[in-house]
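Right, one structure below, let's go through it.
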Amino acid sequence: MVIISIKYKNMKKNIEQAIIEQIQKEEHSSRLYLQMAIWCEINGFPGAAAFLYKHSDEERLHQLKFIHFLNDREGMALLKPLETPQSDYPSLKEMFEKILEHEKFISASINQIYGLTLQEKDYTTASFIHWFINEQIEEETLVRTILDKMKLAGDGQNRGLYLIDKELGVMAASGH
Ligand code: FEO
């Protein structure tokens, strides 16, 4: 008896590639926020450091979410080389502006994958990507709120920055 094994792939190659690239972007996000947390810790912003250490962990969870989904769908997650994250910032405010810019880049990337899933009629992956679309809305809103507070505190006003740093510490402790 001849057993013919046909491997049925659940996922199109172009979607698998897009997810592999997203895994790289989430891993880079995790390292970027880890490096930012280090900068905050040595520059007198313990609250912002706690917030960013936690955010770095969340990005690692996003990376793992993509990895498990791809493997479960008979694809294979691959890790790609990463660029060195920026390690120095002129101010806390400019760091958070960089975070917003980065999150907008991630949102655009997620939306691009979603568009691809619709084009390929891969509704299972489209449904999975929905979670990330909502997550990106939350993340961008959170960073915008922090930046608004920093603008209200005014550039270079140490008392205002001190209070915002305290608030970020409370946010990190309460699970935001
Ligand atoms: Fe996983 Fe902040 O994007």
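Where a number appears in this text, it was derived from the coordinates with a stated rule and is not lab data. Quick caveat, the model's predicted, so the values are computed rather than measured.
Between the range 13-83 and the range 108-145, how far is it from one alpha carbon centroid to the other, in angstrom? About 16 Å separates the Cα centre of the range 13-83 from the one of the range 108-145. As an exercise, take the mean of 1/r over every pair of distinct alpha carbons in the range 74-161, invert it, and state the Kirkwood radius in angstroms. After inverting the pairwise mean of 1/r, the radius is 15.6 Å. Largest GNM mean-square fluctuation across 120, 140, 16, computed for the chain with C-alpha springs under 10 Å, falls on 120. Give me the lysines in straight-line cross-link reach of residue 149: C-alpha distance below 17 Å, same-chain residues under 8 apart excluded. Correct list for residue 149: 93, 98, 166.
In a Debye calculation with equal point scatterers on the alpha-carbon sites of the range 8-47 and no solvent, what is log10 I(q)/I(0) at q = 0.14, 0.15, 0.25 Å⁻¹? The calculated log intensity ratios at q = 0.14, 0.15, 0.25 Å⁻¹ are -0.49, -0.52, -0.79. Note on the chain: with a GNM built from Cα contacts shorter than 10 Å, the maximum mean-square fluctuation among 57, 165, 88 falls on 88. Need one number: the % of Cα-Cα pairs in the range 38-122 sitting beyond the 15 Å mark. Everything past 15 Å amounts to 72 percent. Here, the range 104-148 is characterised by an Rg to Rh ratio of 1.10, where Rg is the alpha-carbon radius of gyration and Rh the Kirkwood radius. Counting alpha carbon pairs within less than 8 Å and at least 6 residues apart, what relative contact order, in whole percent, applies to the range 104-176? 22 percent. Please identify, among 147, 163, 70, the residue showing maximal mean-square fluctuation in a Gaussian network model of the chain using a 10 angstrom Cα cutoff. The residue that fluctuates most here is 163.
Annotation: the chain has a Kirkwood hydrodynamic radius of 17.7 angstrom, from the mean reciprocal C-alpha pair distance.
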